[in-house]
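This report concerns only the one structure given below.
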Amino acid sequence: MTISLHPEAAAPRHARDTDALEKTALERYVAPAKPSLVGLSRVALAEALAGVGVPPAQVKMRVQQLWHWMYVRGAQSFDAMTSVSKQLRTTLERHFTLVRPEMVAEQVSVDGTRKWLLRLPGERPGEKPHEVECVYIPEADRGTLCLSSQVGCTLSCSFCHTGTQRLVRNLTPGEIVGQIMVARDRLGDWPGADRAQGPGLPTLPAGGEGTGGRFVSNIVMMGMGEPLYNLEAVRDALLVAADGEGLSVSKRRITLSTSGVVPMIARAGAEIGVMLAVSLHAVADALRNELVPLNRKYPIAELLEACRRYPGLSNARRITFEYVMLKGVNDSSADAKALVRLLKGIPAKINLIPFNPWPGTTYECSDWEQIEKFSEIIFNAGYASPVRTPRGRDILAACGQLKSATEKLSARERLALRAMAMTD
Ligand code: SAH
Ligand code: SF4
């Protein structure tokens, strides 16, 4: 084998170091022969209809009808679309599907959290399937769906289980919207469907304040993957989710979490306009370089500058800073004080996340007393500082524990994890 010296080989060491931060996609999405209409924008849907011979004068009205059947009624077959002419239904059936990702496993936590393993098309014969996880977190007054944006993740944060997985590929808008559809199918969260029963589900006053009468009232892009490395697809999907004549999840109830892909933050604000969460986790670059290696490319000062410029930022629309509590690593009282100083002037909320352990990690969750101390310092500085209760730890559904079954844990690892979850 010949090794040719690349000009970059002469580049300064730190430049080459940051080049290695991002994993490249190993597989491509292979579209199914008969594509699903789920997740197309209105414009793309109009093009699809025109492409199968719907007369131009009718396209707008047909888009409206299909949109309603797909996203308000949750239709899973063209046959169910009774206000659409029989002839058009037959044409649609011939060319398209309404397929969502395939649910291959469900786990329900003792606290009612549900984790679904979803299989996506695209694998080639003999290859591992492309799978992602999607988590539903019910509370009394809301139901939050945590969506994945990638199979695996482009990045490798040292405390995150997903980061240990090789990146397989970006999800398509259809696969992101499809996670919402499949969750609502499973929960019976469509008008007239049989509602799911089980522990912890939100109470649903018809059209009620908190949930709008739906089990899925909020969305967080906090599952597998870094959403800003898949910006276009995430944007298209979230705009479908927020469409007021369809799934109707208000942008105030959608939060996108990023580990700090600085050049994409302004675009996310301008083109999507949802709430922003930033995974900060450290107050100094040296430590953040270790925890979130992307920091070597976009250090804290640049990240916070991008936050200050986030479109629409105000006291009513604050940025959430996520801070994972790692014992003896980033949880001292001095860290808490530095955090307050660092965020000065930015309309912010601070979310302290107890570290969720996973087998093989060397990190531990901070002691409860230390989390309380940390939280008090932040609270006294004028921030509400809720400590996020870990949900679904027993089924490995908590933040940063997601990892698809392609890289499945052994039964022994699962037991080890359960033991950890129970003893901390
Ligand atoms: N890639 C995006 C969104 C997905 S991760 C991001 O990093 O922001 C969602 C949140 O879970 C992030 O704040 C992430 O840092 C945090 N997280 C990852 N692993 C965790 C773990 N083991 N315990 C607690 N939180 C974790
Ligand atoms: Fe990726 Fe977020 Fe995990 Fe980092 S914390 S590896 S960006 S999913």
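The values are calculated or read from the model by the stated rules, or taken from the named source; none is laboratory data. Please read all numbers here as calculations on a predicted model, not as lab measurements. Here Cβ is always computed from backbone atoms with ideal geometry, including for glycine, and neighbour counts include all displayed protein chains. Areas reflect the complete protein model, heavy atoms only, side chains present, ligands, DNA and RNA absent. Shrake-Rupley method; radii C 1.70, N 1.55, O 1.52, S 1.80 Å.
Summary table below
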read-out	value
First in region 241-263 and touching a residue at least 24 places away in the same chain (Cβ under 8 Å), second anywhere and of a type in the set (Gly, Ala, Ser) and assigned to a helix (DSSP H, G or I), Cβ under 7 Å, 6 or more apart	Leu247/Ala241; Val249/Ala241; Val249/Ala242; Lys251/Ala242; Ile254/Ala241; Ile254/Ala242; Leu256/Ala268; Val262/Ala306
Of residues in region 152-164 being out of contact with any helix residue (DSSP H, G or I) (no Cβ under 8 Å at 6 or more places or on another chain) and not hydroxyl-bearing (Ser, Thr, Tyr), the one nearest to ligand 1 (Cβ to nearest atom)	Cys160
Single residue of region 297-310 satisfying the filter (in a helix (DSSP H, G or I) and either surrounded by fewer than 17 Cβ atoms within 10 Å (Cβ to Cβ) or hydroxyl-bearing (Ser, Thr, Tyr) (or both)) that is nearest to ligand 1 (Cβ to nearest atom)	Glu302
Matching residues, region 352-364, being more than 8 Å from ligand 1 (Cβ to nearest atom) and within 20 Å of Leu287 (Cα to Cα)	Leu352, Thr362, Glu364
Residue list for region 133-153, restricted to those being open to solvent by 10 Å² or more (accessible area, probe 1.4 Å), not in a strand (DSSP E or B) and not acidic (Asp, Glu)	Ala140, Cys153
Members of region 315-328 that are open to solvent by 30 Å² or more (accessible area, probe 1.4 Å) and either charged (D, E, K, R) or under 26 Å from the mean Cα position of the chain (by Cα) (or both)	Asn315, Ala316, Arg317, Arg318, Lys327
Check on Gly198, more than 16 Å from ligand 2 (Cβ to nearest atom) and open to solvent by 40 Å² or more (accessible area, probe 1.4 Å)	yes
Meets criteria (within 30 Å of Cys157 (Cβ to Cβ), open to solvent by less than 30 Å² (accessible area, probe 1.4 Å) and at pLDDT below 95) for Thr18	yes
Only listed residue being modelled with pLDDT of 70 or more and in contact with a helix residue (DSSP H, G or I) (Cβ under 9 Å, 6 or more places away or on another chain), chosen from Leu343, Leu402, Leu417, Leu409	Leu343
Residue in region 143-156 that is more than 16 Å from ligand 2 (Cβ to nearest atom) and farther than 20 Å from Asp394 by Cα present	no
Selection count where residues are among the aliphatic types (A, V, I, L, M) and part of a helix (DSSP H, G or I), scope region 63-98	7
Complete set of residues in region 225-242 that are over 13 Å from Cys153 (Cβ atoms) and either open to solvent by 30 Å² or more (accessible area, probe 1.4 Å) or within 16 Å of ligand 1 (Cβ to nearest atom) (or both)	Leu231, Glu232, Ala233, Val234, Arg235, Asp236, Ala237, Leu238, Leu239
Residue among Arg62, Arg73 that alone is of a type in the set (Lys, Arg), modelled with pLDDT of 95 or more and surrounded by 18 or more Cβ atoms within 10 Å (Cβ to Cβ)	Arg62
Filtered residues of region 243-258 (kept if open to solvent by less than 10 Å² (accessible area, probe 1.4 Å) and within 16 Å of ligand 1 (Cβ to nearest atom))	Ile254, Leu256, Thr258
Filter result for Gln179 (open to solvent by less than 10 Å² (accessible area, probe 1.4 Å), within 16 Å of ligand 2 (Cβ to nearest atom) and more than 30 Å from Leu287 (Cα to Cα))	yes
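To keep it simple, each residue is scored yes or no on (1) open to solvent by 10 Å² or more (accessible area, probe 1.4 Å); (2) within 16 Å of ligand 2 (Cβ to nearest atom); (3) assigned to a strand (DSSP E or B).
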residue	(1), (2), (3)
Val104	yes, no, yes
Asp111	yes, no, no
Leu117	yes, no, yes
Lys128	yes, no, no
Glu131	no, yes, yes
Cys160	yes, yes, no
Ala183	no, no, no
